[in-house]
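Heads up, the thing below is written out as structure tokens.
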Amino acid sequence: VALLVAGGPLRAQDAPATIERPRRAVTLVGGVSQYDLSGTGSTPILGARYEVERGRVLLTEVAFGTINAPAQFGGRQRLTTLEGQLQAQLPLGPVRPYLGAGAGVASLTNAPGVVLTVSGAAGTRVALPGNRWELRGELRVRGVTREFTGSAAEWTGGLAYRF
């Protein structure tokens, strides 16, 4: 009996429990923003995003974006946004379509202070071989100001690094 007990695995020999941390990603995006601010039109948009997976389906994201659009009566106006989004994705292997909703603040060069922005997003994440890099495509629609007198539809594509 002593030999059988001594020969069995001891607790100290068990493999340590692995603690999974959420997968994170940093994304650089660019594209076209169709805006209705003080004037309407289309202009380039640039942005950066940081996301954390909260499970297979849910993600949280912090996003920054900026456009420099012609104003209605001459000159230019810059719209800069900083927002958070909650997103739900459908994990279909390397392709993961998603929907998101969020809110944040925006700064317009022709308006004092910061204003509210609310957004909705629909897009797709596509993992490249090796699972570190991903391609992104997204449409993000936003309302700007308390009465949502301004709006923008942001068509972006990007490259993400997952860590």
Any residue on another chain or 5+ positions along whose placed amide H is under 5 Å from the amide H of Trp133 is listed here as Leu128, Arg162
Dipole check, the chain, charges on Cβ (K,R +1; D,E -1), about Cα centroid: among Gly31, Ala153, Gln89 the Cα furthest to the positive pole belongs to Gln89
For segment 114-163, the Cα-Cα pair-distance distribution in 5 Å bins from 0, as whole percents, is 5, 19, 20, 16, 13, 12, 8, 5, 2, 0
One can check that the equivalent ellipsoid of segment 58-102, built from the alpha-carbon gyration tensor with semi-axes equal to the square roots of five times its eigenvalues, has lengths in Å, largest first, of 33, 12, 8
For the chain, the per residue accessible area (1.4 Å probe, Å²) is 58
Going residue by residue through segment 153-163, the Karplus relation 6.51 cos²θ - 1.76 cosθ + 1.60 with θ = phi - 60° gives ³J(HN,Hα) values, rounded to whole Hz and with x marking Gly or Pro, of 10, 10, 9, 10, x, x, 10, 10, 10, 9, 9
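Please list 54-64, 118-128, 27-37 highest first by mean number of surrounding beta-carbon atoms within 10 Å per residue. The partial results should precede the final answer.
Working: 54-64: 15.5, 118-128: 17.3, 27-37: 18.8.
By packing density, highest mean first, the sequence is 27-37, 118-128, 54-64.
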For Gly39, other-chain or 5+-apart residues with amide H closer than 5 Å (H placed, Pro excluded) are Gln72
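What ratio of Cα Rg to 2.2 N^0.38 Å holds for segment 61-151? Walk me through the numbers before you get to the answer.
Numbers: Rg = 15.8 Å, N = 91, 2.2 N^0.38 = 12.2 Å.
Dividing the Cα radius of gyration by 2.2 N^0.38 Å gives 1.29.
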Sequence order, segment 123-130: Karplus ³J(HN,Hα) from phi using 6.51 cos²θ - 1.76 cosθ + 1.60, θ = phi - 60°, Hz rounded, Gly and Pro as x, gives x, 9, 9, 10, 6, 8, x, x
P(r) over all Cα-Cα pairs of the chain, 5 Å bins from 0 to the longest distance, whole percent per bin, short to long, reads 2, 8, 16, 19, 14, 10, 8, 5, 4, 3, 3, 2, 2, 2, 1, 1, 0, 0, 0
For Trp155 and Thr124, extending 7 Å from Cα along the Cα-Cβ vector and measuring point to point gives, in nm, a value of 1.5
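The values are calculated or read from the model by the stated rules, or taken from the named source; none is laboratory data. On a predicted model such as this, the values are computed, not experimentally measured, just so you know. All Cβ positions, even for glycine, are placed from backbone atoms using ideal geometry, and neighbour counts span all protein chains on display. Just so you know, the surface numbers come from the protein's heavy atoms only, side chains and all, with ligands and any DNA or RNA stripped out. Shrake-Rupley method; radii C 1.70, N 1.55, O 1.52, S 1.80 Å.
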